[in-house]
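Okay, structure first, notes after.
The values are calculated or read from the model by the stated rules, or taken from the named source; none is laboratory data. On a predicted model such as this, the values are computed, not experimentally measured, just so you know. Cβ placement follows ideal geometry from the backbone for every residue including glycine, while neighbour counts extend to all protein chains displayed. Ligands, DNA and RNA are stripped out before the accessible areas are found, and what is left, the full protein with its side chains, is counted by its heavy atoms. Shrake-Rupley method; radii C 1.70, N 1.55, O 1.52, S 1.80 Å.
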Amino acid sequence: MADGTLTLRIDGMSCASCAGRVERAIVGAPGVLSANVNLANETATMVTAESARSDIIVDAIGTAGYSVPVVDLEFAVQGMTCASCVSTVERILDDLPGVAGSAANLASERAQVRVLDGAIGPEEVVAALRIAGYPAQSVDQATRGERDDRRSKEVAHLRRATFLAGALTLPVFVIEMGSHVIPGAHDLVMTSLGRQTSWVLQFVLTTVVLLGPGFRFYRQGLPSLLRGAPDMNSLVALGTAAAWGFSVVATFLPQLLPEGSRAVYFEAAAVIVTLILLGRYLEARAKGRTGEAIKRLIGLRAKTARVLRDGTPTDVPIEEIVPGDLIQLRPGEKIAVDGEVVEGSSFIDQSMITGEPIPAKVGVGDAVVGGTVNSSGAVVYQATRVGADMVLSQIIRMVEQAQGAKLPIQALVDAVTAWFVPAVIAVALVTVIIWLAFGPPPALPMALVAGVAVLIIACPCAMGLATPTSIMVGTGRGAEMGVLFRKGDALQILRDADVIALDKTGTLTQGRPSLTDLVAAPGFDEGEVLALVAAAETRSEHPIADAIVEAAHERDLKAVQATDFNAIAGLGITAKVGGHRLVIGADRMMAGKGISLGPLAEQGAALGRAGKTPLYAAVDGRIAAILAVADPIKTTTPAALEAMHALGLRVAMITGDNRGTAVAIAAELGIDEVVAEVLPEGKVEAIRRLRASGLKVAFVGDGINDAPALAEADVGIAIGTGTDVAIESADVVLMSGALTGVPKAIALSRATIRNIKQNLFWAFGYNALLIPVAAGALYPISGTMLSPVLAAGAMALSSVFVLSNALRLRLFNTDMGEPDEPKETGDRSQLAQSG
């Protein structure tokens, strides 16, 4: 297996102790470098070396008492012509990480693949076969769909089990406890059934409950106990078995018990199972809702597309689309795959990708994203990225990775749950011993009640769910708002940010500047200089270059071919045009080349004070002209900065732009601190200075020159419309170009961590408070004993409370004033050199 990550679905985990046990088992397998087990989404993600083998990892998980479900996938495979092809296809499939076995059939042109659930999807299998020259199509679409079906079946099974257990438990409860609720019920039972008959009836009904709907606790809990690694199921199995066993002795062998101790607790065993099953059922339903954001993202995918094959439009499944295909898009249709418009124009609703409600205008040359919706107009676009390479697929993958992450705050939970269940069993035993030694008569049944109550009340389900459920819901809600947490720990670190450091070009501003001023030095003609500069800037991808080239086009200036082009990040460019050597860039570029600015220096300073960006052009070593461009501030920027200040954050601008320009923009926007005229490494140094003063810094940028700063900051936030390099260096990605995503991300981070702390306070506080009560700490004071039935109800309620509290994050919302005019999509590959 190659170096990388492997994600597996784990069956059988029911509490935080289970998650810790699985994690330790995986880390102990050869070739596993690290592992992270998530109880909420029932997955394990591990970093593996090349020597790691998935079968050994699965065996280690099995030895620990858990299992990895296997999914059967089927693929239609083209290109197999002989037995050798069959062997090749099977070898390709078997070499994929997470594939447990495969079988290809030459006659049917099908391949059956057994996949460890969660490890690999059909897209990766199809891609591997296509690379090897065997075009394939998934017959059974996605393991994720099967996983959702399995979860739905589990919810349905738990619902049936709960109803059955409830129906069988109700008579037991009424017979034994009815006298406490219904006047005369006890006398009615004694006269109509008699005590012995009523106890036998309770025995029959309770035994059916324990060996029927409740058998899952014994099937999973007792083997774990025998392995010396008890879990939540072990606690339930011990508690109910103790209550049932004592009651059986009292019913059929009463002579073995002291006279005052002959009582039955069948109703406790039955009600405990019923309540815990009810809690499991509600928990499973709530768990399903924690992943609804992913389901909605998956639901964005189109099923088919109208592809032009040999000039004829044909509806084909999206799995058959390949890069280069031309696809017709009609009004109201979903865009099937990522592509580039080659004909027509329209407005595209990108809200489910970017979080922005306003449709974006697209035309020839603009990019379109799979999963978005064509609002109006008919266009033809060419497929550029399909399958796992699509933006939507990457978003889903990023959200899933973030949802499976383990935050620093989880370390405390892991430390506690590692010893929690064994400690609870020890506490229960000590409780029984103390009651037997010092308790009032009849001591034996009271010891039993206290011991069982301790076992049941202390199940660590709520502890294990407290953090991952909040992460799942919070990151999912962020994705719906256009805020993607690429790294899970960023969710916690961003909450503690003190300073938001911002790039200027493309972050604070639109990144599409226009030429506002052109002043030629004595001896030079404005038109000639602009033609030369535009010819050189044609080779650059920087937005300022686009503005200069656009200005030359508007003046119908003839373009000349540039040669020897060289871009110097953060400074400018050099090129040779029409026999002339050109140097174009900021004043420090000229100083570095030994070129005097002469009388243009003062004009440059004045333009900078006016909020414009001055550039200088030198021809053959002489200053030739000063050019100024202005980059309009994004309409959402003022509201975003106001929101950041409202959150108590300092705002700094770190830019490679002219200092005068930067100070003017900062004054206009109310920015607290300005660092200007810095190269990419200068941005890194500026961030280090801020961090050295004890501040946590989040940096926001979109250009290639922002990548080092994004990586250096405590949290790097990339504008999603920026470059891929910047996005890959970031911890958080804002899918829209609006800066309002930054305060949204911070507010969501704070809300999520606050939610986690609430969950942990409840989970730990619940156990810390109620374990002593269950043990009988209040009995000497008030004569109060906690019934095992109430303990079971409280335990189930604790997990449901934690899940319900986490689900509140689905309602998180913040209005930061989104843009109220259509935006035009631009090229994602901007080379931002100076801002």
Given the structure, is residue 569 in contact with a helix residue (DSSP H, G or I) (Cβ under 6 Å, 6 or more places away or on another chain), open to solvent by 70 Å² or more (accessible area, probe 1.4 Å) and either modelled with pLDDT under 85 or β-branched (Val, Ile, Thr) (or both)? no
Against the conditions (1) assigned to a strand (DSSP E or B); (2) in contact with an Asp or Glu (Cβ under 6 Å, 6 or more places away or on another chain); (3) among the small types (Gly, Ala, Ser), where does residue 339 fall short? Just the number, please. (2)
Please name all residue pairs, on different chains or six or more residues apart, with Cβ atoms under 7 Å, provided the first residue is in region 602-622 and is within 28 Å of residue 576 (Cα to Cα) and the second residue is hydroxyl-bearing (Ser, Thr, Tyr) and open to solvent by 50 Å² or more (accessible area, probe 1.4 Å). 612/516
Looking at region 436-467, which of its residues are open to solvent by 10 Å² or more (accessible area, probe 1.4 Å) and farther than 28 Å from residue 20 by Cα? 436, 437, 438, 439, 440, 441, 442, 443, 444, 446, 448, 449
Residue in region 511-530 that is on the phi > 0 side of the Ramachandran plot, at pLDDT below 85 and under 39 Å from the mean Cα position of the chain (by Cα) present: yes
So residue 185 ticks every box in (1) open to solvent by less than 70 Å² (accessible area, probe 1.4 Å); (2) closer than 27 Å to residue 24 by Cβ; (3) at pLDDT below 75 but one. Which box is left unticked? (2)
Among the listed residues 535, 559, 531, 586, identify the single one that is touching a helix residue (DSSP H, G or I) at 6+ places or on another chain (Cβ under 7 Å) and open to solvent by less than 40 Å² (accessible area, probe 1.4 Å). 531
Kindly establish whether residue 546 is of a type in the set (Asp, Glu), modelled with pLDDT under 90 and touching a Gly at 6+ places or on another chain (Cβ under 6 Å). no
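Results for (1) in a strand (DSSP E or B); (2) touching a residue at least 24 places away in the same chain (Cβ under 8 Å), shown as yes or no for each residue.
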site	(1), (2)
527	no, yes
530	no, yes
549	no, no
556	no, no
570	no, yes
583	yes, yes
589	no, yes
Among 81, 5, 88, 45, which is the only one that is polar (S, T, N, Q), modelled with pLDDT under 85, open to solvent by 20 Å² or more (accessible area, probe 1.4 Å) and within 28 Å of the chain's Cα centre (by Cα)? 5
Of the candidates 563, 538, the one satisfying the condition of being in contact with a strand residue (DSSP E or B) (Cβ under 6 Å, 6 or more places away or on another chain) and hydroxyl-bearing (Ser, Thr, Tyr) is 563
Pick from region 111-156, criterion at pLDDT 80 or above and assigned to a strand (DSSP E or B), ranking: most open to solvent (accessible area, probe 1.4 Å): 114
When residue 301 is evaluated against the numbered criteria (1) modelled with pLDDT under 85; (2) part of a helix (DSSP H, G or I); (3) within 39 Å of the chain's Cα centre (by Cα), which criterion, by number, is the only one it fails? (2)
Residue hits (region 779-816; open to solvent by 70 Å² or more (accessible area, probe 1.4 Å) and in a loop (DSSP other than H, G, I, E, B)) are 813, 815
Filtered residue count, region 410-433, keeping only those that are touching a Gly at 6+ places or on another chain (Cβ under 8 Å) and at pLDDT 85 or above: 4
For region 345-364, pairs from a residue that is of a type in the set (S, T, N, Q) and assigned to a loop (DSSP other than H, G, I, E, B) to a residue that is open to solvent by 10 Å² or more (accessible area, probe 1.4 Å) and modelled with pLDDT of 75 or more, with Cβ under 6 Å and 6 or more apart or across chains, are 345/363; 345/377
Restricting to helices (runs of 4 or more DSSP H) lying wholly in region 619-714: which have 1 or more residues that are aliphatic (A, V, I, L, M) and over 33 Å from the mean Cα position of the chain (by Cα)? 659-669
Search region 380-393 for residues that are more than 19 Å from residue 482 (Cβ to Cβ) and assigned to a helix (DSSP H, G or I) and pair each with any residue that is modelled with pLDDT of 80 or more and not polar (S, T, N, Q) when their beta-carbon atoms are under 7 Å apart and the residues are at least 6 apart or on different chains. 387/123; 387/126; 387/127; 388/123; 388/124; 388/127
For region 468-494: of the residues being open to solvent by 10 Å² or more (accessible area, probe 1.4 Å) and of a type in the set (A, V, I, L, M, F, W, C), which is farthest from residue 804 (Cα to Cα)? 493
Those residues of region 207-240 which are open to solvent by 40 Å² or more (accessible area, probe 1.4 Å) and assigned to a helix (DSSP H, G or I), in sequence order: 208, 211, 215, 219, 220, 222, 223, 225, 226, 238
Would you call residue 711 of a type outside the set (D, E, K, R), modelled with pLDDT under 90 and in contact with a helix residue (DSSP H, G or I) (Cβ under 6 Å, 6 or more places away or on another chain)? yes
